[in-house]
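Peer 1: One structure coming up, written as structure tokens, with questions to follow.
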Amino acid sequence: MKQVSMLYKRLNFNSTSESRFKLKASLKHSLRIVDGHNALEKEGGLQWDESRTDSNLVFINNELKVFENFSLEDREKFLDDCFAPPQPKNKSALIKNYSAYKIKLENAIDKETNSEAKAIYQSVRDFPKSEEFDVTVFIEQLSVMDIVRKNQRIGMIQKFADAHNSLLNTIDKKRTYIQEGLFKFPKPKNNEKFELTNELNDEDYIFHMRNFLTKNFQDYDIKAIFAHRDEHKIHSHYFLSGVNNKTNELDLHKREIEVVNNYIATLNGIDLEAELIPEHKKLNHAERQRFARYFQRFFYDFTNENLLLEKGIQATIASEAERKSDIAIDRNLENRLPIGLRTHNFATLKAEMAEERALEAENKSNAAENRLIKIKADGDAHIEKVNSIAKVKIEKIKEINEEISTGKVEITNQEKQLNEVEKLIEEKKSDLATLNKEIKSRVTHGNSVISQINERINEKNNELDDVNTQVLQAKSVLEGFTEQLTSLVGGVVKNIYVRSLALMKDSNLATDYMQKIMSDYIKIAPKFLRDICKTAASGVNDTEIVLKMTNKDQELDSNSKDD
């Protein structure tokens, strides 16, 4: 359970000039109206952020609205409605006149022997003070009765009613006419308590106070409840009428004592007789302190039960030692100053926040600069590494190209050998021509010899044709074989490098290319061409494929020996 500090403060305003002045200043602060009347707001700088004022909330006339929809005209009208109507200048004389006729009425009740007349006098005396008094009915009843000094009694009742009506709408200036309440969760003064941030929203502050007031002070109008979120901590102010709706009496304090006594009666382990607050007398200093202490406990218990505990939070009252500490004493003294003149106010908060933002911006700038330096250094190192790897790869490619060139030289030598065979054939043709000449020169030796020679010539011609056919076939096969070998070797080398790239990216394609490489590799018969392929695989450090090629060479060599 998170322990938090809580502040609940009540300010009672009556209708004296001094109190009306303070109420007006407080109302204008809550309504965000700044003029010459509350100039202290200007001296210390506005205690709120004007850019956020429109989002403040107000609960008024049983409706929740934002300040943006609470016009200045409506605010000023609300302010005027919070004050008692003007009082007559001769109010003291009116009260004195009323008291005088009330005494006469009491005397008439004591002396009257007619029971019906006495009952009328008592009804007149007990008529509710908050209602306008019309005594016509009573006068008509008295006028037909047999009573002593009838005309004087009727005149007395009429004058008492006039005195009663003259005091309607007058009030006791020293009784509470409006009560303001402040509800907030201040920043804790030590690390033992938790600081609320986003656990409660603006509406929680308003509807919790509405719940508290309607349950305990249902006969008193809630003028308005404000939730201010344009200051550094969200908080609420309420303004409660001190006029009892049922009796029209200014008896809010009397109801507060009843509420506190009802709470005390629920507590265990206390001496009720000693702890209950007197309800029908002016409280002395000790009684006022006890009343205030129990009111605070009641509000803390109500708030914990109805708002905080379900959120895993508990508001705790400061200990006696904490309340009497130097810090608490200084804080209480400073709370008596206007907000703008306090050591810590909205202006100082803005300065601290600006300094923190500047420091945070500087730290972010330094961190960003350090990250850029690191990124550049890492980038340079990576580029250098890539360049180094690229150089090695290029050298390997050069070596492979040289080996391919060597393979082409070998193929060229084979072509030269083929050319030599063709030359030999040409020489044989030349020898055959010479032989033909010799045969022709020997024709004269006889037909039999000629016949034999012709047969022999035919045989030689047939052999020569076979040789020519074989030569052409061999040449065609050799050319196709040469082109196929060159294509196979080039394809194998290319696939080896494609596989090396796939391996670097951890791609599944590496296995596919392994199969393609080995499929083409076994088709290459000349060993020197297979060696070129193995050299390419070694160049990219593909030990797996080198091992497979070596094993395949051994298998091919073994099969060749068996044949």
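Peer 1: Residue 274 versus (1) crowded, with 18+ Cβ neighbours inside 10 Å; (2) farther than 27 Å from residue 5 by Cα; (3) of a type in the set (Gly, Ala, Ser): which is the lone unmet condition?
Peer 2: Going through the list (1) crowded, with 18+ Cβ neighbours inside 10 Å; (2) farther than 27 Å from residue 5 by Cα; (3) of a type in the set (Gly, Ala, Ser), residue 274 breaks only (1).
Peer 1: Something else: Considering only segment 516-545, state which residues are under 22 Å from residue 486 (Cβ atoms), part of a helix (DSSP H, G or I), within 58 Å of the chain's Cα centre (by Cα) and of a type outside the set (Gly, Ala, Ser).
Peer 2: Those that are under 22 Å from residue 486 (Cβ atoms), part of a helix (DSSP H, G or I), within 58 Å of the chain's Cα centre (by Cα) and of a type outside the set (Gly, Ala, Ser): 516, 517, 545.
Peer 1: Would you pick out the residues in segment 235-257 that are closer than 19 Å to residue 279 by Cβ, without any contact (Cβ under 8 Å) to a residue 60 or more places away in the chain and within 45 Å of the chain's Cα centre (by Cα)?
Peer 2: Answer for segment 235-257, where residues must be closer than 19 Å to residue 279 by Cβ, without any contact (Cβ under 8 Å) to a residue 60 or more places away in the chain and within 45 Å of the chain's Cα centre (by Cα): 255, 256, 257.
Peer 1: Still on this structure: Might you check whether a residue that is out of contact with any helix residue (DSSP H, G or I) (no Cβ under 8 Å at 6 or more places or on another chain) and part of a loop (DSSP other than H, G, I, E, B) occurs anywhere in segment 37-52?
Peer 2: Yes, because at least one residue in segment 37-52 is out of contact with any helix residue (DSSP H, G or I) (no Cβ under 8 Å at 6 or more places or on another chain) and part of a loop (DSSP other than H, G, I, E, B).
Peer 1: Restricting the first residue to segment 107-132 and requiring it to be within 18 Å of residue 158 (Cβ to Cβ), which pairs with a second residue that is at pLDDT 90 or above and small (Gly, Ala, Ser) meet a Cβ separation below 7 Å and a spacing of at least six or different chains?
Peer 2: Here the result reads 121/108, each pair linking segment 107-132 to a residue that is at pLDDT 90 or above and small (Gly, Ala, Ser).
Peer 1: Filtering segment 127-173 down to residues that are surrounded by 15 or more Cβ atoms within 10 Å (Cβ to Cβ) and basic (Lys, Arg), which residue is nearest to the chain's Cα centre (by Cα)?
Peer 2: So the residue we want is 173.
Peer 1: Within segment 49-73, track down each residue that is among the hydrophobic types (A, V, I, L, M, F, W, C), surrounded by fewer than 20 Cβ atoms within 10 Å (Cβ to Cβ) and under 27 Å from the mean Cα position of the chain (by Cα).
Peer 2: Initial filter on segment 49-73 (among the hydrophobic types (A, V, I, L, M, F, W, C)): 57-60, 64, 66-67, 70, 72.
Now restrict to residues that are surrounded by fewer than 20 Cβ atoms within 10 Å (Cβ to Cβ): 60, 64, 66, 72.
Across segment 49-73, the qualifying residues are 64, 66.
Conditions tested, residue by residue: (1) farther than 23 Å from residue 11 by Cα; (2) of a type in the set (Phe, Trp, Tyr); (3) not assigned by TED's automatic domain parsing to the domain that holds residue 185.
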{"residue": "262", "(1), (2), (3)": "no, no, no"}
{"residue": "265", "(1), (2), (3)": "yes, no, no"}
{"residue": "275", "(1), (2), (3)": "yes, no, no"}
{"residue": "281", "(1), (2), (3)": "no, no, no"}
{"residue": "286", "(1), (2), (3)": "no, no, no"}
{"residue": "295", "(1), (2), (3)": "no, yes, no"}
{"residue": "301", "(1), (2), (3)": "no, no, no"}
{"residue": "305", "(1), (2), (3)": "yes, no, no"}
{"residue": "308", "(1), (2), (3)": "yes, no, no"}
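Peer 1: Select from segment 498-545 the residues that are of a type outside the set (Val, Ile, Thr) and in contact with a Gly (Cβ under 7 Å, 6 or more places away or on another chain) and write down the one among them that is surrounded by the fewest Cβ atoms within 10 Å (Cβ to Cβ).
Peer 2: The residue in question is 528.
Peer 1: Also, I was wondering about something else. Within segment 208-224, take every residue that is out of contact with any Leu (no Cβ under 7 Å at 6 or more places or on another chain) and crowded, with 19+ Cβ neighbours inside 10 Å and give me the one that is nearest to residue 253 (Cα to Cα).
Peer 2: Residue satisfying both the conditions and the ranking: 212.
Peer 1: In segment 262-307, how many residues are among the aliphatic types (A, V, I, L, M) and either assigned to a loop (DSSP other than H, G, I, E, B) or touching a strand residue (DSSP E or B) at 6+ places or on another chain (Cβ under 6 Å) (or both)?
Peer 2: Total meeting the criteria: 6.
Peer 1: Name the residue that is nearest to residue 13 (Cα to Cα), counting only residues in segment 82-137 that are of a type in the set (Phe, Trp, Tyr) and outside any loop (DSSP other than H, G, I, E, B). Walk me through it before giving the result.
Peer 2: At the first step, the residues of segment 82-137 found to be of a type in the set (Phe, Trp, Tyr) are 83, 98, 101, 121, 127, 133.
With outside any loop (DSSP other than H, G, I, E, B) added as a condition, the list becomes 98, 101, 121.
Numbers: 98: 27, 101: 32, 121: 37 Å.
Among those that are of a type in the set (Phe, Trp, Tyr) and outside any loop (DSSP other than H, G, I, E, B), it is 98.
Peer 1: Related question: Does any residue of segment 16-25 turn out to be surrounded by 13 or more Cβ atoms within 10 Å (Cβ to Cβ), of a type in the set (Val, Ile, Thr) and assigned by TED's automatic domain parsing to the domain that holds residue 206?
Peer 2: Checking segment 16-25: not a single residue is surrounded by 13 or more Cβ atoms within 10 Å (Cβ to Cβ), of a type in the set (Val, Ile, Thr) and assigned by TED's automatic domain parsing to the domain that holds residue 206.
Peer 1: Just a yes or no: is a residue in segment 187-205 surrounded by 16 or more Cβ atoms within 10 Å (Cβ to Cβ), within 34 Å of the chain's Cα centre (by Cα), hydroxyl-bearing (Ser, Thr, Tyr) and more than 30 Å from residue 105 (Cβ to Cβ)?
Peer 2: yes
Peer 1: Yes or no: residue 350 surrounded by 10 or more Cβ atoms within 10 Å (Cβ to Cβ), modelled with pLDDT of 70 or more, out of contact with any Lys or Arg (no Cβ under 8 Å at 6 or more places or on another chain) and among the charged types (D, E, K, R)?
Peer 2: Numbers: surrounded by 10 or more Cβ atoms within 10 Å (Cβ to Cβ): yes; modelled with pLDDT of 70 or more: no; out of contact with any Lys or Arg (no Cβ under 8 Å at 6 or more places or on another chain): yes; among the charged types (D, E, K, R): yes.
Considered against the rule, which asks whether it is surrounded by 10 or more Cβ atoms within 10 Å (Cβ to Cβ), modelled with pLDDT of 70 or more, out of contact with any Lys or Arg (no Cβ under 8 Å at 6 or more places or on another chain) and among the charged types (D, E, K, R), residue 350 comes out as no.
Peer 1: A further question follows. Quick one: is residue 394 loosely packed, with under 13 Cβ neighbours inside 10 Å, hydrophobic (A, V, I, L, M, F, W, C) and modelled with pLDDT of 80 or more? Please lay out each step first, then the result.
Peer 2: Working: loosely packed, with under 13 Cβ neighbours inside 10 Å: yes; hydrophobic (A, V, I, L, M, F, W, C): yes; modelled with pLDDT of 80 or more: yes.
Criteria met by residue 394.
Peer 1: Same structure, new question: If I filter segment 146-154 for residues that are in contact (Cβ under 8 Å) with a residue 12 or more places away in the chain and part of a helix (DSSP H, G or I), do I get at least one hit?
Peer 2: Looking through segment 146-154, at least one residue is in contact (Cβ under 8 Å) with a residue 12 or more places away in the chain and part of a helix (DSSP H, G or I).
The values are calculated or read from the model by the stated rules, or taken from the named source; none is laboratory data. Here the structure is a predicted model, which is why all the values come from computation and not from measurement. For neighbour counting, all protein chains shown are included, and Cβ atoms are generated from backbone atoms with ideal geometry for every residue, glycine included.
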